[in-house]
Amino acid sequence: MVVESPTKAAKIQKFLGDDYKVVASYGHVRDLANKPGSVRPDDGWGLTWQLTGSGAARMQELAAASAGCQMLLLATDPDREGEAISWHITEELKRRGVLPRPGMVLQRVTFTEVTHKAVTEALQQPRQVSAALVDAYLARRALDYMVGFNLSPLLWRRLGRSARSAGRVQSVALRLVCDREDQRQVFQPQEHWSIAADFTAALGASSDEAGGAGAAAGAAAAAASGVSLTARLVQVDGRRLQATSIGSQQAADALVERLWQQQQQQQQDSRHTTAAAAAAAGEEEEAGHGEGAARSVLYRVVSVVRKPLKRSPPPPLVTSSLQQEAGRRLGWGPSKTMSVAQQLYEGANTGEGLITYMRTDGVNLSAEAVGALRELIGSQYGAEYLPPAGARVYKSRAKNAQEAHEAIRPTDPSLLPAAVQGLTPDEVRGGKFTPTGAKLYALVWARAVASQMESAELTQVTAELQSPCNSLLLRSTGSSLAFPGYLAAWQGIGSSSSSSGGLAAAGAASSEAAAAAGEMPDADDDDDVADLTGSRGSALSRVLQQLQEGQPVELTEVLPARHFTKPPPRFTETSMVKALEEAGVGRPSTYAPTIRLLQERGYVLRSGRSLAPTPLGRLMVSYLTLFFPRYLDVNFTARVEEQLDEVSAGSLAWRQVLGDFHEPLQHDIAAAQQCSTTQVFEQLEQKLEHLIFPQQQRQQAMVAAGAAAEAGAAATSVTSLDPAYALCVVDGCNHDSLGCTFGRPLWPDAEEAALLSDEEEEVAKAAAAAGSSSSGTVIGSAKLIGRHPDSGQPVWIKRGPFGLYLQLGDDAPNPAAALAAAGGSSNGDSSSKPRAKAKSSSSSSSSGSSNSSSTAVPARASLPRGVSWSDITLEAALQQLALPRTVGLHPDSGEVILANSGRFGPYLQHMSLTVTLPKGSGPLDVTLDQALQAVAAKEARMRARGRDPYEVKPSTKKGGKKGASSSKSKTKTSAGSSSSSRVKGISGYNLFAREMKGQSRPSEVLSLLAAAWRELNGQQQQAWSQQAAAAATGGDSGAAAEEQSPAFV
């Protein structure tokens, strides 16, 4: 006999004796080969299998064990995966020549509990391996392979190797997590108020005490011997209050005032009567006492309604509800729950298995099990706890429920949880069954027993209190338990998250406010009524039952409470299981592995009990929803699961399912491959813009900074933006810890980035349309750090093609004017004047000089290495913007050594040689000695390779093939180099850029060139192209430049 688990094998071996040899397969022995071509659509959907890592040793053992036997029994688990394991073992034994063999019988047996009786009965009902279940497995495995092997390489090429894989189920589960996070981040909390009031009632008081002078007497009696109750305001002027009807403190204050003012007229009438009587008697002291008594505020009980309620028991546990209840009541994750359940199923060190098979979605129980449960209930609790109509029958509400197996139940209901908890140390010492297993067993036992018990009966009492003017209505509700029913077995089983008094004060606050109070409401109210029957709730119910219609009650205190609507809670592992089940995504056996895989691959992080998507996870979901929306659609995935169930039932061919899935997938893959990496990231940037720099918070920060500047204060501290910046959603993450692997915005690698992005062009145009950003206009993705202490210029963190950068000053309002101010020539002259002018402009801007014009290009710098966007201070930003820093003169060449910071980190520059700064040194603190050592080391390394450290390579056009200029000879620059050699083979745009820059490459000019080029009309661009062609052939095209440059300026 072949089973999956070695523990189960050892136990069944004891059941069957020496006539049988029970061997474990340790799960799957074969899987699809992990290489392209393992699924072959053009070959009739041929599949290539290979043994797993441990499969070879397992199959060798199985082949040897079955070589001389007369019967081979395949007793793997009773589900689709178990059927597949039996099929794989059969096929592999055939390949090895062990099967078929004359005189050998091959049979398949299944059982849902590891007990002697269940195994013996299974041997009497053998069958063959189910072809339909195997076909469903083949379809499922081929679908997963097609998604993984087709989409994962695309993810690697577009998003990097960190995006390890996509999956048919895991990607949909990840989308659920990301969509929930999106809902939370765009959620706008809404303020609302609830108003409750405390009253004192005199039990047995008659309605005649209400009104006139008798009201004072009734109030005194209530105060002396009354009981307290709490009611909430539910109706004003005949209008029923909704959860958010009271939307402001002003409205709440007005209603509070009305609650007290309702008695003013009554008080005044009573006061006049009492004062007149006192004056007539000449007893001023009695008049004062009467005035004090008149201060009591009385309402009237207008109705007392008693309503019986019944709550039916929940169904027995299945895989998903087992994981959910273990999460709610024990605080366990799905993986731990299934691991402990496996131990209980196998019955490690306990004689027999304690529970039935734990991977099931069927809620039905066998007739034998129901009979045993009813017998236990009658003897343990009494005949009144048995439903008079007979056994209860349940039907699953989950999508795609197969219901082929029983629900999870104890194999022997007479084994009480107390007996399991009392296992001896010898029975626990094996480490396979620990005391934690007793907790889960108690959960399974109680739920199974409760499912066959009578309903719980409750009495709900609702009293309504009305103001004297009949314009305000308050309501108080309490519940008490009349008959426990199934709660006798189910209530209080290991509840870690449920409380017994959650709704005890149901009259004290609105139910909507109570529901909004919790961040992670995992509890399912349909499964537990403990919240309705707590001690406070029962006490309130007893008070309300003694009230009489028309009875006066004294208002003692008004309790307004402020609330805010809450965003949808993040998924926990428990609620994630429920969401997957309700959506019909995956199978019971895949819930826990899917959630675990998302965390292991860095797509999801646990923040407390909550699941939050990582930047990588959000990036993957955004990419897949852009290019493969069908395969992340919940309904589509659920439909695929339904088709697999149809294959299991034998009503659909598995190859048809694969064909219907494969053709659209290939079409979508071809379409996605047509987009370049740059285009992909442009679309991702647009899709994720609201996560990187939330618009509202950006506006608030800029407005706050502007207001501080107008008040004369330096805006050096602006509230930081949402932690979702750079796509990170983990609170407190600095993008270098907590598993965060995405510390920069979404842009392609530097090697693939264009010279100027479309976004920069749009930003420049927006700035031109707005005139200036100094008034607080939102331009691009930016965060204001503060303002320069001397010039008052804003200091920004912005987003560019190569990541985050710092900027001093606002963007130029007009690209052409800014380019001219930065050093663009009006006649194409390539003299040193434009270069000097550009350098002067940059230097002036960096120093924060007050004479910087509005058209000057602002100074920019990269963020320091290891500094997060949320950690950068104004002082550090200004130091960074002051770069490059002159370290000193090189003693040999006499040239300066500069220290700077770029998008690849800090570096030194000596002439044309760049040297990466050693670790521990920064551009602001590196000394001349350290710089000379670093330069000398770089020179030595290059000379050792036969290269001149100061050789300048000819530049190649961006986007050209790598190595395109390798056939050209390498020349060292000199003052006598001809200008024509520099422009040979370049385009009109490159020539235009070079002339406008004055033959220099300041980064602030590069950021405006593309926008300026696009402002030229077709005739002007053609003129530059002719000039470039003429320069390449040695011709004279100065006239073209002189003709077109004035129009450009």
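The values are calculated or read from the model by the stated rules, or taken from the named source; none is laboratory data. Just so we're clear, the structure is a prediction, and the values are computed from it rather than from any experiment. Here the Cβ positions follow ideal geometry from the backbone for every residue, glycine too, while neighbour counts run over all protein chains shown.
Taking region 1-102 and the strands (runs of 3 or more DSSP E) fully enclosed by it, the elements with 2 or more residues that are hydrophobic (A, V, I, L, M, F, W, C) and closer than 29 Å to T120 by Cα are at 71-74.
Candidates are the residues of region 370-399 that are of a type in the set (A, V, I, L, M) and farther than 20 Å from A488 by Cβ; the one that is surrounded by the fewest Cβ atoms within 10 Å (Cβ to Cβ) is V393. Pairing residues of region 67-86 that are buried (at least 19 other Cβ atoms within 10 Å of the Cβ) with residues that are modelled with pLDDT under 95 and acidic (D, E), at Cβ distances under 6 Å and at least 6 apart in sequence or on separate chains, gives T76/E4; D77/E4.
In region 162-195, which residue that is among the hydrophobic types (A, V, I, L, M, F, W, C) and not in a helix (DSSP H, G or I) is nearest to R258 (Cα to Cα)?
I195
For region 626-635, the criterion of being of a type in the set (D, E, K, R) and either crowded, with 18+ Cβ neighbours inside 10 Å or modelled with pLDDT under 90 (or both) is satisfied by no residue at all.
Cβ-Cβ distances below 6 Å connect the following pairs, each with a first residue in region 654-667 that is touching a residue at least 60 places away in the same chain (Cβ under 8 Å), a second residue that is not in a helix (DSSP H, G or I), and a separation of six or more residues or different chains: R655/W45; L658/W45. Taking the condition of being in a loop (DSSP other than H, G, I, E, B) and closer than 19 Å to H667 by Cα, how many residues in region 600-637 meet it? Result for region 600-637: 2. Within region 916-926, can one find any residue that is farther than 20 Å from L806 by Cα and in a helix (DSSP H, G or I)? So far as region 916-926 goes, no, none of its residues is farther than 20 Å from L806 by Cα and in a helix (DSSP H, G or I). For L344, the stated conditions do not hold, so it cannot be described as farther than 12 Å from T574 by Cα, outside the structural domain of T76 (by TED's automatic domain parsing), assigned to a loop (DSSP other than H, G, I, E, B) and over 24 Å from the mean Cα position of the chain (by Cα).
In summary, E582 fulfils each of the numbered conditions (1) surrounded by 23 or more Cβ atoms within 10 Å (Cβ to Cβ); (2) assigned by TED's automatic domain parsing to the domain that holds R157 with the single exception of condition (1). Would a scan of region 236-252 turn up a residue that is at pLDDT below 55, surrounded by fewer than 16 Cβ atoms within 10 Å (Cβ to Cβ) and assigned to a helix (DSSP H, G or I)? No, region 236-252 contains no residue that is at pLDDT below 55, surrounded by fewer than 16 Cβ atoms within 10 Å (Cβ to Cβ) and assigned to a helix (DSSP H, G or I). Taken across region 600-615, residues that are under 15 Å from the mean Cα position of the chain (by Cα), of a type in the set (G, A, S) and buried (at least 22 other Cβ atoms within 10 Å of the Cβ) do occur, with at least one present.
Scan region 446-465 for residues that are in a strand (DSSP E or B) and among the charged types (D, E, K, R) and the total you get is 2. Checking T120 against (1) free of Cβ contacts under 8 Å to residues at least 60 places away in the same chain; (2) surrounded by fewer than 16 Cβ atoms within 10 Å (Cβ to Cβ), which test does it fail? Unmet for T120, out of (1) free of Cβ contacts under 8 Å to residues at least 60 places away in the same chain; (2) surrounded by fewer than 16 Cβ atoms within 10 Å (Cβ to Cβ): (1).
Here's the yes/no breakdown for (1) of a type in the set (D, E, K, R); (2) touching a helix residue (DSSP H, G or I) at 6+ places or on another chain (Cβ under 6 Å); (3) at pLDDT 95 or above:
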{"position": "W87", "(1), (2), (3)": "no, yes, yes"}
{"position": "G97", "(1), (2), (3)": "no, no, no"}
{"position": "M104", "(1), (2), (3)": "no, no, no"}
{"position": "V109", "(1), (2), (3)": "no, yes, yes"}
{"position": "T112", "(1), (2), (3)": "no, no, no"}
{"position": "T115", "(1), (2), (3)": "no, no, no"}
{"position": "E121", "(1), (2), (3)": "yes, no, no"}
{"position": "Y145", "(1), (2), (3)": "no, no, no"}
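Of the residues making up region 464-495, those that are of a type in the set (S, T, Y) and farther than 30 Å from I377 by Cα number 4.
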